[in-house]
Amino acid sequence: MSTPLSATFRAILMRDIRLAWSQGGTGTMALSFFMIAVTLFAFGVGPEPQVLARIAAGVIWVVALLACLLSLDRLYQADYEDGSLDDLALSPLGLTGVAAAKILAHWLATVVPLILIAPLLGMFMNLAPEGYGILLLSLLVGTPALSLIGSIGAALTVSVRRGGVLMALLVLPLYIPTLIFGVGAVDAAMGMVGSSANLALLGAVTLVALAIGPFASAAALRLALE
Amino acid sequence: MHRFANPAEFNRLADRILPWAIAVMAISLVAGLYLALIGSPPDYQQGESVRIMYIHVPAAWMAMFTYMVMAGASFVAIVWRHPLAELAGKAAAPIGATFTALALITGSLWGKPMWGTYWQWDGRMTSVLVLFFLYLGYMAIWHGFDDEEKAGRAAAILALVGVANIPIIKFSVDWWNTLHQPASVFRMGGPTIADSMLWPLFIMATAFQAYFVVVFLWRMKLEINQRKLSVMNRAEVYG
Amino acid sequence: MDTPEPSFDAKALSAHGLACRRGGRMVFEGLDFSVEPGALLYLRGANGSGKSTLLRLIAGFVPAADGELMYGDDAWGTGDAALSEAVVYVGHDHGLKPALTLRENCQTYARIMTGKSLSENVLYDAAETFALDRLLDQAVRFFSSGQRHRASLMRFLLADRPVWLMDEPTVGLDADNREKLAGLMTRHLARGGLILAATHDPIGVAGATVDVSQYAARATVQEGWL
Amino acid sequence: MANFFHMGGYAVFVWSAYGISTVALVWLAVSSLRASRTTRKRVEALRARRRKEG
């Protein structure tokens with residue numbers, strides 16, 4: 001009976017990816033927020049290239065993190081409201097597998113586009129040339145943790161009225177290690193110091209998030225089903 | 001473990017412990033304050049301002065200790081579905097948050113004469129700040145649900161996720177701190193703490209610990225009574 | 001209408017001293033019932049007596065506070081996977097994604113639940129049963145609430161599972177569709193399936209009845225808390 | 001006594017640290033104690049009423 005499990009996982013994955021980019025999906029919303037918010041920093045800080053270059057990696061990482069947080073708010077709430085969460089709970093995959101599929105779908109559909117567009121925003125922020133490669137790499141290694149940990153916050157607040165603000169309060173402190181090691185990797189690379197230590201730590205944080213994320217999300221979703 | 005499942009049983013136990021805890025708190029507080037303010041010598045480098053350490057350090061210890069108590073209670077609440085364990089988390093959180101806030105305030109008051117600024121992104125202080133946010137998140141989730149039992153289990157999950165992340169956050173903040181912060185010559189509490197300073201620190205820590213037990217038990221009674229009230233009201237509604 | 005489907009080798013679903021806490025109160029306790037394969041059980045009782053809660057308990061969404069549910073000889077799975085082989089649950093919400101068409105919604109549901117896509121004629125027959133065949137390629141967001149409710153009833157035909165859990169299935173159905181639903185249920189029972197339906201409306205299918213409000217909890221709360 | 005309060009020039013910092021801590025901890029303790037008492041009274045009142053009606 002193992003084939004249906006992977007088929008079920010794929011089905012949930014494809015469904016969520018399509019929904020993320022369908023009308024009213026979070027894909028476009030996160031992307032546009034990412035671009036607008038980064039340009040806001042330029043307006044706030046001023047166009048002076050040296051200053052922008054100095055804060056480029058930090059700003060891009062923080063705004064990518066916030067864009068990820070924003071798009072996670074509806075990760076389970078949409079299914080909770082229209083009742084499909086009940087069907088998902090009855091799928092052969094079980095809630096932990098469902099959570100894993102939805103987290104992967106969120107990362108692929110919403111976060112990867114942010115990573116792909118990050119170099120463009122690096123240009124806006126006058127990021128140093130040697131920073132682009134490491135920026136992409138650090139985002140690639142670090143952002144899965146944002147989806148995994150954010151999923152727990154989304155699952156915990158799925159049945160909470162106006163749960164978005166509460167979710168941000170729960171999740172943002174847990175994003176700090178990913179942010180520190182992510183930006184640290186870029187700064188290290190640009191400072192001509194090896195960034196492998198930061199990347200390794202970033203990967204470690206993501207692995208821990210991988211271990212906790214689906215499991216804790218499923219436990220929280222079981223609460224919402226009651 | 002289920003012996004305490006019954007609130008009346010818990011109240012009896014609490015009433016037996018409270019007088020002792022209050023006594024220990026009073027004695028150690030008086031002794032601690034005397035030693036902290038009068039009995040111990042000023043620091044050769046910081047002068048009298050070192051006396052703030054006798055509040056700052058115990059408060060920081062209690063901030064971390066209380067979160068561990070909450071995490072322990074949350075574990076019991078989830079594994080054994082123990083209603084009192086859930087309430088223990090809710091009762092402890094405000095105390096922990098207060099200790100964390102005091103650690104931050106006294107830390108910045110202590111830092112000002114030494115570093116010239118009220119806030120220095122020092123590794124330890126930054127970790128305490130993040131711990132404060134974790135407390136805010138924990139206390140906030142309790143008010144997110146209409147059904148207290150759901151709120152209790154959600155808060156328990158959050159506390160466990162939080163405690164799993166604390167060492168990672170602590171490590172990343174220290175790592176971040178060493179990158180951006182030249183090793184500050186002045187370390188919180190000086191390179192080595194003289195014996196004469198250890199005693200007030202230890203006694204004040206005992207006083208804070210006793211204080212925690214006393215206020216925790218009071219808050220547990222409060223939370224149990226509140227749960228009883230909402231249960232009775234609901235019984236009225238559903239008959 | 002179509003080739004006689006294979007019969008389920010379903011087992012009897014029986015409850016002994018079942019009790020359930022929800023929303024901080026004991027909804028019912030000491031509940032006993034037994035549904036043989038090929039039998040239908042109506043769940044009657046005043047609103048709030050726990051009809052829906054009992055259905056959600058059987059579906060594994062709500063944990064039982066006491067007592068046990070047996071499926072044949074072994075305990076009814078309260079974990080994620082066990083229920084996913086046996087139960088189709090259709091509650092108040094329709095579980096459809098407005099952005100997707102009816103066809104996409106049905107195919108997604110089938111792939112999630114069974115790991116396989118639906119053949120065209122099975123999908124068409126299911127849609128035709130509730131006069132939705134013309135709307136297969138319409139996005140569900142244009143559907144009326146009646147059409148959405150009928151679309152949600154199609155799920156019984158999309159996942160071939162022995163135990164049907166129905167919560168107020170006939171709400172908003174006209175006479176013709178009620179008859180169709182009754183026919184559906186009769187055919188399912190003939191195949192040895194089980195149905196538990198929480199409804200006041202005599203759908204015209206013979207079945208035993210249990211009045212859940214007779215099992216209302218005396219002390220709605222544990223002793224210690226009063 | 002004067003130099004005790006003077007705290008070697010750090011009076012503002014030392015006494016505000018001790019002062020704020022005292023106020024916060026006392027307020028938390030008093031509010032917790034008072035609340036546990038008022039809720040206990042309300043529980044007993046409600047219980048008495050239920051027994052009368054019960």
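The values are calculated or read from the model by the stated rules, or taken from the named source; none is laboratory data. Keep in mind that this is a model prediction, so the values were computed, not measured. All Cβ positions, glycine included, derive from the backbone under ideal geometry; neighbour counts span all protein chains shown. With ligands, DNA and RNA removed, areas are computed over all heavy atoms of the protein, side chains included. Shrake-Rupley method; radii C 1.70, N 1.55, O 1.52, S 1.80 Å.
For chain B, find the longest principal axis of its Cα atoms and tell me its angle to the long axis of helix B:195-238, 0 to 90°, nearest 10.
With rounding to tens, the tilt is 20 degrees.
Sorting B:W115, A:W21 by accessible area (1.4 Å probe), largest first, what list results?
Ranked from most to least accessible, the order is A:W21, B:W115.
Let me know the charge dipole size of region A:69-226 about its Cα centre in debye, to the nearest 20, where only the beta-carbon of Lys, Arg (+1) and Asp, Glu (-1) is charged.
180
When the Debye formula is applied to the Cα atoms of chain B, each taken as the same point scatterer, what base-10 log of I(q)/I(0) results at q = 0.11, 0.17, 0.18 Å⁻¹?
Taking Cα atoms of chain B as identical point scatterers yields -0.66, -1.25, -1.33.
State whether the protein assembly as shown is rounded, prolate or oblate according to the following rule on the C-alpha gyration tensor (a ≥ b ≥ c being the square roots of its eigenvalues): a/c under 1.5 gives rounded; otherwise a/b larger than b/c gives prolate, and the remaining case gives oblate.
oblate
Where does each of C:D32, B:D195, B:D147 land when they are ordered by accessible area, with a 1.4 Å probe and the largest first?
B:D195, C:D32, B:D147
Evaluate peptide A:210-217: per residue, the Cβ atoms of other protein chains within 10 Å of its Cβ; return the mean as an integer.
2
In peptide A:199-208, what is the residue-averaged number of other protein chain Cβ atoms found within 10 Å of each Cβ?
That average works out to 2.
Using the Cα atoms of region A:49-166 to build a convex hull, what is its mean projected area in square nanometres?
Result: 8.0 nm².
Just to confirm the filter: which trypsin sites (Lys or Arg not before Pro) across region C:123-226 are DSSP coil and have at most 10 other Cβ within 10 angstrom of their Cβ?
Listed in order of number, the matching sites are C:R218.
Assuming R0 = 45 Å, can you tell me the calculated FRET efficiency for the pair D:S16 and C:M70, based on Cβ-Cβ distance, to the nearest 0.05?
After rounding to 0.05, the efficiency reads 0.10.
Going by Cα centres, region D:1-51 and region B:98-139 are how many Å apart?
If you average the Cα positions of each part, the centres end up 21 Å apart.
Measure out, as a whole number of angstrom, how far apart the alpha-carbon centroids of region B:161-175 and region C:1-75 sit.
45
With each pseudo-label sitting 7 Å past Cα toward Cβ, what's the B:R234-D:R37 distance in nm, one decimal?
Spacing of the two 7 Å Cα→Cβ label points: 3.0 nm.
Counting other Cβ atoms within 10 Å of each Cβ, which trypsin sites (Lys or Arg not before Pro) in region A:150-226 have at most 14 and sit in a DSSP loop?
Here the trypsin sites (Lys or Arg not before Pro) that fit, given the DSSP loop and packing criteria, are A:R161, A:R162.
What does the helix-only formula give at 222 nm for the protein assembly as shown: each DSSP H stretch with n ≥ 4 adding -39500 (n - 2.57), the total divided by the residues, and the result rounded to the nearest 500 deg cm²/dmol?
After summing the helix terms and dividing by residue count, I get -22500 deg cm²/dmol.
Say each of D:R51 and C:N47 gets a label point 7 Å from the Cα, pointing the same way as Cα to Cβ; how far apart are those two points in nm?
Inter-label distance under the simple model: 3.7 nm.
Cα centroids of region B:1-55 and region A:1-71: how far apart, whole angstrom?
Taking the Cα centre of region A:1-71 as reference, the centre of region B:1-55 is 49 Å away.
Using only the heavy atoms of the protein chains and a 1.4 Å probe, how would B:V237, A:V193, B:V231, A:V51 rank by accessible area, largest first?
Correct descending sequence by accessible area is B:V237, A:V193, A:V51, B:V231.
What are the extents of the Cα atoms of region A:4-225 along their three principal axes, in Å, largest first?
Over region A:4-225, Cα extents along the principal axes are 55, 33, 29 Å.
Rounded to the nearest 20 Debye, what is the dipole magnitude of the protein assembly as shown about its Cα centre when Lys and Arg each give +1 and Asp and Glu each give -1 at the C-beta?
Taking the Cα centre of the protein assembly as shown as origin, the dipole is about 2160 debye.
Compute the long axis of helix A:112-124 from its Cα atoms, compare it with the longest principal axis of the Cα atoms of chain A, and write down the angle in degrees, 0 to 90, nearest 10.
20
Just to compare against my own numbers: the Cα pair-distance distribution for chain C, 10 Å bins, whole % per bin, please.
8, 32, 35, 19, 5, 1
Helix D:11-53 sits at what angle to the longest principal axis of chain D, using alpha carbons and giving 0 to 90 degrees rounded to 10?
Result, in degrees: 10.
Suppose we take every Cα in region A:118-182 and form the convex hull; what volume per residue is that in Å³?
Here the figure is 96 Å³ per residue.
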